[in-house]
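Participant: Can you read through this structure? Questions will come right after.
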Amino acid sequence: MGVAPPDAPAPREVKDEMTDPKPPAWLKPVNKLLVAMQKLGIVAGPVRVLTVPGRKSGEPRSTPATPFTLHDGLYVVGGYPKADWVLNARAAGTGTVTGGRKSERVTFVELTAEQARPVLRAFPKEVPTGVGFFKRSGLVNQGTADEFEALAGRCAVFRLDNISPA
């Protein structure tokens, strides 16, 4: 095996899209549109707006998400492991969930991988519209309950506990 000459470019690091998926370019503009619709009172199906203080600025940061109820708990799953809203929710611990013009203050309680397994397993049944998002992101292939359960420890899962109306 030969040695690369000293002036040869360093080998490029290849990132595995399955382990470090990046959001598509269209996601931020679509998210902004969904947030604007909610502010006007237009509810887009099960989509709600999560608002948490930014971990660096402290300014409110909003993103659309699809919380769902399972066994009397309300849950939300982070579609990208390093999503800003996930990092902000971890740091703040509280925020609001808004559907149309109705808002509720909540605490974000992050589940352990073991606690998240049944919630993730239920995701494809409870939020079928979200399965395509996870497939396009490369986190799952077929969208089966087994594939979603295998995301435990990789994708954040939060239980949203109601504090009060905002």
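Taken together, the values in this text are just the output of simple stated rules run on the coordinates, not laboratory data. From a predicted model like this one, the values you see are computed outputs, not experimental measurements. Quick reminder, even Gly has a Cβ in these numbers, built from the backbone with ideal geometry, and neighbours come from all protein chains shown.
Participant: Can you pull the one-decimal nm distance between simple spin-label points at Lys125 and Thr69, each 7 Å off the Cα toward Cβ?
Facilitator: 1.6 nm
Participant: Sum up the charges of everything whose Cβ sits under 11 Å from the Cβ of Leu70, counting Lys and Arg as +1 and Asp and Glu as -1, but leave Leu70 out. Walk me through the numbers on the way to the answer.
Facilitator: Values: positive: Arg121, Lys125, Arg159; negative: Asp72, Glu126.
Charge balance in the 11 Å sphere: +1.
Participant: Return the FRET efficiency for the residue pair Asp161, Arg55: r is the Cβ-Cβ distance, R0 is 22 Å, and the value is rounded to the nearest 0.05.
Facilitator: Numbers: r = 20 Å, r/R0 = 0.91.
Step by step, r from the Cβ atoms, then E = 0.65.
Participant: Let me know the charge dipole size of the range 27-165 about its Cα centre in debye, to the nearest 20, where only the beta-carbon of Lys, Arg (+1) and Asp, Glu (-1) is charged. Write out the running numbers ahead of the final one.
Facilitator: Working: 19 positive and 11 negative charges, 113 e Å.
With only Lys, Arg, Asp and Glu charged at Cβ, the dipole is about 540 debye.
Participant: So, counting K/R as plus one and D/E as minus one, what does the shell of residues with Cβ under 9 Å around Asn162 add up to?
Facilitator: Values: positive: Arg105; negative: Glu104, Asp161.
Neighbour charge sum, excluding Asn162 itself: -1.
Participant: What pairs in Lys56/Lys125; Lys32/Lys56; Lys39/Lys135 have C-alpha atoms more than 27 Å from each other? Don't skip to the answer; put the middle values down first.
Facilitator: Details: Lys56/Lys125 36 Å; Lys32/Lys56 20 Å; Lys39/Lys135 29 Å.
With Cα atoms farther than 27 Å apart: Lys56/Lys125; Lys39/Lys135.
Participant: Also: Quick check on the exposure proxy: order Thr63, Thr98, Thr112 from fewest to most C-beta atoms within 10 angstrom. Please list the in-between numbers first.
Facilitator: Details: Thr63 23, Thr98 20, Thr112 10.
By the 10 Å Cβ count, ascending: Thr112, Thr98, Thr63.
Participant: With label points built 7 Å along Cα→Cβ from the Cα atoms of Arg136 and Gln115, find their separation and express it in nm.
Facilitator: Distance between the two pseudo-spin positions: 3.1 nm.
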